[in-house]
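Take a look at the structure below.
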Amino acid sequence: MVMRKLELPLSKTQKVRYERAIDRLQSLSSTANSDASVIVTDTIPVNHDDAFLKGHGTSEVDGELLATVCGVVERVDKLVYVRTLRARYKPEVGDIVVGRVIEVAQKRWRVELNFTQDGVLMLSSMNMPDGIQRRRTSVDELNMRNIFVENDVVCAEVRNFQYDGSLQLHARSQKYGKLEKGQLLKVDPYLVKRSKQHFHYIESLGIDLIIGYNGFIWVGEHVEVRDPMMIDDQKDDEMISPSTKNTGKEQIHTPLETRQNICRIGNAIRVLSNLGFTMTLEVITETVNLSNSKNIDIHDMLGSEFHVVVAENETKRRREKRKK
């Protein structure tokens with residue numbers, strides 16, 4: 001386990017507490033997996049009696065498997081490879097990503113994805129506002145800026161790779177598309193582990209959390225994913241009843257409590273990123289609950305004391321998890 005050096009002013013007491021928490025975390029990590037973190041030329045223990053496959057960051061020298069990069073050893077069935085730390089995002093087909101639109105071009109949007117190449121979202125690869133599956137026309141192309149413009153935050157899925165190395169995205173599901181009323185945060189991609197679920201709804205706070213594989217994390221006001229048929233029915237009702245339409249205009253602004261929850265979750269993610277902890281829903285919500293239980297204001301969460309408290313709490317959480 002590789003810990004980051006905390007670049008914050010610490011008092012002598014805070015420094016001692018922080019170093020003690022980091023030492024305990026490293027001892028817990030080494031006990032659970034002795035070859036978890038490696039540097040160049042470190043030997044990776046493998047069972048030579050069973051067949052194994054050499055993956056990225058490994059090389060066999062004199063019958064021993066050595067690491068050629070610094071990182072964490074990962075094992076998938078018989079494949080052994082080293083996942084490099086602080087590396088840029090390495091995309092795979094099917095990844096859930098969050099990005100920012102940087103250009104509106106002909107029949108496509110270019111999206112920044114924290115990758116060496118920009119992503120490309122074609123007009124034909126996303127749902128139209130009316131929700132009807134149909135062939136795109138020249139009118140749709142002229143109205144592209146009514147869908148996304150520069151600096152809009154979008155969520156999409158990696159469809160495939162283009163010949164020039166860029167990513168082709170698609171957003172055909174209702175859960176993809178433009179993200180509004182929230183914060184976009186950036187963390188190192190290696191802090192995001194691949195899991196089955198990257199769309200989270202924190203019901204107690206009324207917040208949507210999208211943890212992108214590419215290290216971009218969205219924290220925003222909860223939005224109900226509605227079926228296109230229901231949207232059409234609602235439009236018909238609004239045409240019949242003007243009072244309903246006026247009511248909708250009054251709810252444009254995000255409530256103060258929701259905005260505070262967004263900022264609190266955002267600061268919790270920033271603290272975890274500074275400490276180099278993995279971004280999971282469990283760790284993020286526990287950090288938010290810890291700040292509430294300690295009566296720490298939102299702006300004080302970025303201070304030195306809360307960083308030390310989070311490190312100590314993570315040590316306690318992992319120790320209890322091991323006992324189970």
*So D50 clears everything in (1) modelled with pLDDT under 80; (2) within 20 Å of N274 (Cα to Cα); (3) assigned to a loop (DSSP other than H, G, I, E, B) except one condition, right? Which one?*
(2)
*May I ask you to list the residues in the range 61-99 that are over 23 Å from S195 (Cα atoms), outside any loop (DSSP other than H, G, I, E, B) and either touching a helix residue (DSSP H, G or I) at 6+ places or on another chain (Cβ under 6 Å) or touching a residue at least 24 places away in the same chain (Cβ under 8 Å) (or both)?*
L66, A67
*asked:* Quick test for you: out of G177, G206, G182, pick the one residue that is over 23 Å from K90 (Cβ atoms), touching a Pro at 6+ places or on another chain (Cβ under 9 Å) and of a type outside the set (S, T, Y).
replied: G206
*Within the range 141-168, track down each residue that is of a type in the set (F, W, Y) and out of contact with any Phe, Trp or Tyr (no Cβ under 9 Å at 6 or more places or on another chain).*
F161, Y163
_Looking at the structure I just gave you, is S166 surrounded by 14 or more Cβ atoms within 10 Å (Cβ to Cβ), modelled with pLDDT under 90, of a type in the set (S, T, N, Q) and more than 24 Å from I265 (Cα to Cα)?_
yes
_Candidates V309, V283, V288, V271, filtered to the one that is within 19 Å of Q183 (Cβ to Cβ) and in contact with a Lys or Arg (Cβ under 7 Å, 6 or more places away or on another chain)_ = V288
*Grab the helices (runs of 4 or more DSSP H) fully contained in the range 224-290, keeping just those with 1 or more residues being open to solvent by less than 60 Å² (accessible area, probe 1.4 Å) and modelled with pLDDT of 90 or more.*
256-275
*Only one of L184, L209 is open to solvent by less than 30 Å² (accessible area, probe 1.4 Å) and in a strand (DSSP E or B); which?*
L209
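The values are calculated or read from the model by the stated rules, or taken from the named source; none is laboratory data. Remember, it's a predicted structure, so these values are computed and weren't measured experimentally. FYI the Cβ positions are ideal-geometry reconstructions off the backbone, even for glycines, and counts take in every protein chain you see. To get the accessible areas, we keep the full protein, side chains included, count just its heavy atoms, and leave off ligands, DNA and RNA. Shrake-Rupley method; radii C 1.70, N 1.55, O 1.52, S 1.80 Å.
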